[in-house]
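Some notes on the structure that comes next.
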Amino acid sequence: MKSNFCLTGLLIMFLFLTTSCTTYHFGVANRAAMVPDDFGETEAAIARAEQSQGAQYCPDKIAAAKELARQGAETYWACKNTESSRLLAEARKLAGEAEGCGPQAAAPEAVVAPIPAAEPTPDRMKYCVYLAIEYDIDKADVRPQYHDEVAKVGDFMKKYPTTTAVIEGYTDEVGSDDYNMQLSQRRAESVVKSLEDNFGIDPSRLSAKGFGETAPIADNASDEGKQKNRHIRAVIDCAVDVKAIEPPPDRLCMTLKVEFASNSAEIKSRYYDEVNKVGDYMKKYPTTTAVIEGHTDNVGGFEQNMKLSQVRAENVVKYLVEKYGIDSYRLFAQGYGSTRRIHYNSTPEGRQQNRRINAIIDCVISK
């Protein structure tokens, strides 16, 4: 009886030693046949990370992945398979993140929103003026009594000969969509012709674009609203010292040359002069309001970029409130992340152009 018991005990011990998880040693080449696939997958993931460019940028993640893999192996030796699988999965996750570190970590291009027509270009700004020109029904010619309205654009472009302008035409909703697009185009072209004929502006500096009824600024339910929607807007691209602008435009859009450290929203002191342009202008014209826009490139996650761009815009607002004493109700911060790129993110230069702060200043009530 005793002999049979010992034999049975030895048999159980033999089966345990040859088939249990204690026969596996993480990193040893001669693995037992029963070792789970988790170990090989984890080892391969760490090896890929060590051979990738990410090893240069995220060595800490690779070290952490190795430590988790070691803990996973020890846990498996103790036959805690569920916990071992969890630790190895964490190790593979960290290794994958490390493999994606560095410049190649730019996220795929997000769905990009249309860029507003008044988006300023680098080193320049957009000077936007609404022209109170009324047209006869189904007519596109500019009547003589609106010469002074056209002069708002003509005189400015003569004063600053390097400027260019897009003349935008808009209509109310009366009539078909196609007809209104054509009518708004003809009306914009009539203003361009007036600028050429009466102010000597070279045609190469002007272009016309009809928008029909697609961008109403008032309610088409009333005659007054329809009248407001039948308007002309001039978007002038220029490089001008904002302090010298007289009279102020209806809207002024400028890009501030403010560069931020990676993943930082701190405004360095060397960029204060850029932000001061906005402060000086808003103090000069105390009825203005402004939207401060934050934009990023596409490096990093979508949510991270949205939050980062928002904080950067808020820091510019905070600076203007604290240094210039501008009432906070006159300022609004809006982060757009990477959704409004102005260049491709495939080059360092393009990404730099996309990392920008815009100031959109409008609502000049009195001039």
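The values are calculated or read from the model by the stated rules, or taken from the named source; none is laboratory data. Since we're looking at a predicted model, the values are computed, not measured. Counting neighbours? That spans all protein chains shown, and the Cβs are built from the backbone with ideal geometry, glycine included. Accessible surface areas use protein heavy atoms only, side chains included; no ligands, DNA or RNA. Shrake-Rupley method; radii C 1.70, N 1.55, O 1.52, S 1.80 Å.
A few notes on this one:
- Scanning segment 171-206 for residues that are surrounded by fewer than 20 Cβ atoms within 10 Å (Cβ to Cβ), of a type in the set (D, E, K, R), under 22 Å from Gln145 (Cα atoms) and touching a strand residue (DSSP E or B) at 6+ places or on another chain (Cβ under 8 Å) turns up Arg186, Glu189, Glu196.
- Only one entry in Glu168, Glu189, Glu196 is under 31 Å from the mean Cα position of the chain (by Cα) and modelled with pLDDT of 90 or more, namely Glu168.
- The residues of segment 153-165 that are surrounded by fewer than 19 Cβ atoms within 10 Å (Cβ to Cβ) and within 24 Å of Arg230 (Cβ to Cβ) amount to a single one, Asp155.
- Taken over segment 296-314, the residue count meeting the criterion of being closer than 14 Å to Val258 by Cβ and touching a helix residue (DSSP H, G or I) at 6+ places or on another chain (Cβ under 8 Å) is 1.
- Some residue of segment 182-194 being in contact (Cβ under 8 Å) with a residue 60 or more places away in the chain and in contact with a helix residue (DSSP H, G or I) (Cβ under 8 Å, 6 or more places away or on another chain): yes
- Cross-chain or 6+ apart pairs with Cβ under 8 Å, segment 115-135 first and over 21 Å from Leu195 (Cβ atoms), then of a type in the set (Gly, Ala, Ser): Asp123/Ala239
- So Glu246, is it without any contact (Cβ under 8 Å) to a residue 24 or more places away in the chain and of a type in the set (D, E, K, R): yes
- Residues in segment 122-138 that are in a strand (DSSP E or B) and either over 32 Å from the mean Cα position of the chain (by Cα) or aromatic (Phe, Trp, Tyr) (or both): Tyr127, Tyr130.
- Matching strands (runs of 3 or more DSSP E) fully within segment 214-321 where at least 3 residues are under 18 Å from the mean Cα position of the chain (by Cα): 251-256, 289-295
- Residues of segment 301-320 that are of a type outside the set (A, V, I, L, M, F, W, C), crowded, with 18+ Cβ neighbours inside 10 Å and farther than 17 Å from Thr255 by Cα: Asn305 alone.
- When Val291 is tested against the conditions (1) of a type outside the set (Asp, Glu); (2) open to solvent by 20 Å² or more (accessible area, probe 1.4 Å); (3) without any contact (Cβ under 8 Å) to a residue 40 or more places away in the chain, the lone failure is (3).
- Residues in segment 314-367 that are among the polar types (S, T, N, Q), under 17 Å from Glu293 (Cα atoms) and touching a residue at least 12 places away in the same chain (Cβ under 8 Å): Asn315, Gln334, Ser338, Thr339, Gln352, Gln353, Asn354, Asn358.
- When Ser269 is tested against the conditions (1) open to solvent by 60 Å² or more (accessible area, probe 1.4 Å); (2) in contact (Cβ under 8 Å) with a residue 12 or more places away in the chain, the lone failure is (2).
- Scope segment 50-76; condition open to solvent by 30 Å² or more (accessible area, probe 1.4 Å) and under 14 Å from Glu90 (Cβ atoms); matching residues: Lys61, Ala63, Ala64, Lys66, Glu67, Leu68, Arg70, Gln71
- Residues that are over 14 Å from Glu67 (Cβ atoms) and in contact (Cβ under 8 Å) with a residue 40 or more places away in the chain, drawn from segment 85-96: Ser85, Ala89, Gly96
- Exclusive hit being out of contact with any Lys or Arg (no Cβ under 8 Å at 6 or more places or on another chain), open to solvent by 90 Å² or more (accessible area, probe 1.4 Å) and in contact (Cβ under 8 Å) with a residue 40 or more places away in the chain, set Lys209, Lys226: Lys209
- Residue in segment 328-335 that is open to solvent by 60 Å² or more (accessible area, probe 1.4 Å) and in contact with a strand residue (DSSP E or B) (Cβ under 9 Å, 6 or more places away or on another chain) present: yes
- Restricting Asp141, Asp148 to those that are in a helix (DSSP H, G or I), closer than 26 Å to Thr163 by Cα and modelled with pLDDT of 85 or more reduces the list to Asp148.
- Where Asn345 falls short, out of the listed (1) open to solvent by 60 Å² or more (accessible area, probe 1.4 Å); (2) assigned to a loop (DSSP other than H, G, I, E, B); (3) not acidic (Asp, Glu): (1)
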